[in-house]
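The values are calculated or read from the model by the stated rules, or taken from the named source; none is laboratory data. Small disclaimer: the values here were computed from a predicted structure and weren't measured. Neighbour counts run over all protein chains shown; Cβ positions are idealised from the backbone, glycine included.
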Amino acid sequence: MPDKPKPPPETSFTEVFLHGSGPGGQKINKTSSAVQLKHLPTGMVVKVQATRSRTQNRKLARQMLADRLDDREMGEGSWRKVVGEVKKRKKASKGKKARRKYRKLGEGEFEGERGEGDVDVDEGMGLEERGEDRQTEAQDQGQK
């Protein structure tokens with residue numbers, strides 16, 4: 001797997017800080033936290049306004065520019081595409097997930113299953129005992 005691309009040198013792009021757009025109200029209108037990078041050799045422009053922090057947006061913009069330049073240079077062998085393919089292969093298909101789920105149900109491994117040793121609060125005394133207790137209480141009340 002190829003290494004993650006490194007941002008280009010500072011001399012190969014211009015960096016401009018812009019006012020953000022969209023929701024955020026007064027804060028977004030007053031501060032210049034959005035970052036726009038223009039790669040001089042290719043003319044590629046990247047604008048990032050993901051966070052309210054200028055420094056975080058700068059890091060994200062540089063990494064995004066590096067990723068896009070890598071995509072342009074490497075094509076199908078770029079880092080993002082290779083990592084995406086690996087994740088795609090590792091992810092289980094819907095059918096596989098369904099089979100796994102129903103196999104667990106068939107084996108009785110699903111949540112909430114009670115084993116033989118588990119005792120419920122009402123199961124502490126047998127049905128006969130509970131019935132006899134109720135009958136004796138009713139008889140006691142009737143005799144009074």
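Can you name every residue in the stretch 13-54 that is among the hydroxyl-bearing types (Ser, Thr, Tyr) and within 24 Å of the chain's Cα centre (by Cα)? Answer for the stretch 13-54, where residues must be among the hydroxyl-bearing types (Ser, Thr, Tyr) and within 24 Å of the chain's Cα centre (by Cα): Thr51, Ser53. Among the conditions (1) charged (D, E, K, R); (2) within 21 Å of the chain's Cα centre (by Cα); (3) at pLDDT 80 or above, the only one that Arg58 does not satisfy is (2).
Mind listing whichever residues of the stretch 69-86 are part of a helix (DSSP H, G or I) and at pLDDT below 80?
Applying the first criterion (part of a helix (DSSP H, G or I)) to the stretch 69-86 yields 69-77, 79-86.
Hits for the stretch 69-86 are Met74, Gly75, Glu76, Gly77, Trp79, Arg80, Lys81, Val82, Val83, Gly84, Glu85, Val86.
In the stretch 68-90, the qualifying residues are those that are surrounded by 14 or more Cβ atoms within 10 Å (Cβ to Cβ) and within 17 Å of Pro8 (Cβ to Cβ), and the one that is farthest from the chain's Cα centre (by Cα) is Met74. Screening Leu65 with (1) of a type in the set (A, V, I, L, M, F, W, C); (2) surrounded by fewer than 15 Cβ atoms within 10 Å (Cβ to Cβ); (3) more than 21 Å from the chain's Cα centre (by Cα) gives one miss only, at (2). When Thr51 is tested against (1) of a type outside the set (Lys, Arg); (2) at pLDDT 75 or above; (3) over 26 Å from Lys6 (Cα atoms), just one condition goes unmet, and that condition is (3). Scanning the stretch 92-117 for residues that are within 24 Å of the chain's Cα centre (by Cα) and modelled with pLDDT of 75 or more gives Ser93, Lys94, Gly95, Lys96, Lys97, Ala98, Arg99, Arg100, Lys101.
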